[in-house]
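For reference, the structure discussed in these notes is given below.
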Amino acid sequence: MISVNNVTMQYKASTRPALRDLSLDVDKGDFAFLIGPSGSGKSTFFRLLLKEDKPTSGDVYVGDFHVNKLPSRKVPKLRQSIGCVFQDFRLLQQKSVAENVAFALEVIGKPRNTVAKVVPEVLDYVGLSGKADRMPYELSGGEMQRVAIARAIANRPLLLLADEPTGNLDPDTSREIVEVLDRVNRRGTTVVMATHDRQIVDSMRRRVLEFSNGRLTRDDAHGVYGLGG
Ligand SMILES: Nc1ncnc2c1ncn2[C@@H]1O[C@H](COP(=O)(O)OP(=O)(O)OP(=O)(O)O)[C@@H](O)[C@H]1O
C-alpha cells in the first residue's frame, strides 16, 4: 500500500534533512503506529504520501500511484484515495455534522443520492447516529473526532492517515477513538497513526515504526512505545 524507497527530504529553509534515506513498506490492511520525538519527520512522511511536498531524492508509492512522479492533474485522485484525520479535527464550523460529511463527498462529485445514502451509514458506523443535525460547537472533542473520521472514510479510502488524532482528548476518549480507527482498519482500510500516546500504543500491540532524526530506528510487528517519543 505504501512503499517508500531511499527517501531523503531536505527542506530549503532547514539545515538538516527532515527524512534521511528512509525506506519502509506498509502492506494493505496493516495498522501501524508512527512514533518519535517532535521534529523526527512524522508529518513530513505524511506530506510526502499526499504529495504536499516532493522528496529531494527517492521514490514514494501509495497503492498504484508513483507519488513523486505523479503529474499534478492526477494529484486529486491520489488525495481522494487517502483519508486524513488531524489532532485539531478541522471541521467546518458553519456546517452540521451531516453537512460536514456530505461536503467531503460533494466536492469530489458524488451524486446527490449517493451522498444521501452514505452520510447516515457512515455516521452510524462511527457511533454518531442521532447527532447528524448538531453543529460542531455542540459536540465534545471525542464526537468532533468521530465526525472527522466519518468524513475521512466516507469515500472508502484505501489508506487512512491519522496525525495525532488523540492529541486533544482525555485517555478514555482517546481509547474510544482508537477503537473506531481499529474498526475502520478491520474493515480493510490501511491505517497509519502518528502519536505520542504511550498508553494507546502499549495497549494495542500493533506495528510500531519509530522515527528518530528522520531515520527509521525501529520497526516492530507488535510493538510497544518503549523509550522513544
Ligand atoms: N516547511 C518546512 N520548512 C523547513 N523545515 C521544515 C518544514 N516542515 C518541517 N520542517 C523540519 O523538518 C523536521 C521534521 O519535521 P516534522 O514536522 O516532519 O516532524 P514531526 O515528527 O511530525 O514532529 P511533531 O511530532 O512535532 O509533529 C523538523 O526539523 C522541522 O523543523
### Query
Just wondering, is there one or more residues in the range 31-50 that are more than 21 Å from His196 (Cβ to Cβ), of a type outside the set (A, V, I, L, M), more than 7 Å from the ligand (Cβ to nearest atom) and in contact (Cβ under 8 Å) with a residue 24 or more places away in the chain?
no
### Query
Identify, please: which residue in the range 96-115 is free of Cβ contacts under 8 Å to residues at least 24 places away in the same chain and part of a loop (DSSP other than H, G, I, E, B) and is, among those, surrounded by the fewest Cβ atoms within 10 Å (Cβ to Cβ)?
Gly109
### Task
Could you look through the range 8-25, keep only residues that are more than 11 Å from Thr44 (Cβ to Cβ) and among the small types (Gly, Ala, Ser), and pick out the one that is farthest from the ligand (Cβ to nearest atom)?
Ser23
### Query
Does the range 64-87 contain at least one residue that is within 15 Å of the ligand (Cβ to nearest atom) and over 17 Å from Leu159 (Cα atoms)?
yes
### Query
Counting just the residues of the range 73-90 that are more than 13 Å from the chain's Cα centre (by Cα) and among the aliphatic types (A, V, I, L, M), which one comes out surrounded by the fewest Cβ atoms within 10 Å (Cβ to Cβ)?
Val75
### Spans of strands (runs of 3 or more DSSP E) in the range 1-73 with at least 3 residues of a type in the set (A, V, I, L, M)
2-9, 19-26, 31-35
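No lab work stands behind these numbers, since they all come straight from the coordinates. Everything numeric in this text was worked out from a predicted model, so none of it was measured. Virtual Cβ from ideal backbone geometry, glycine too; neighbours counted across all protein chains shown.
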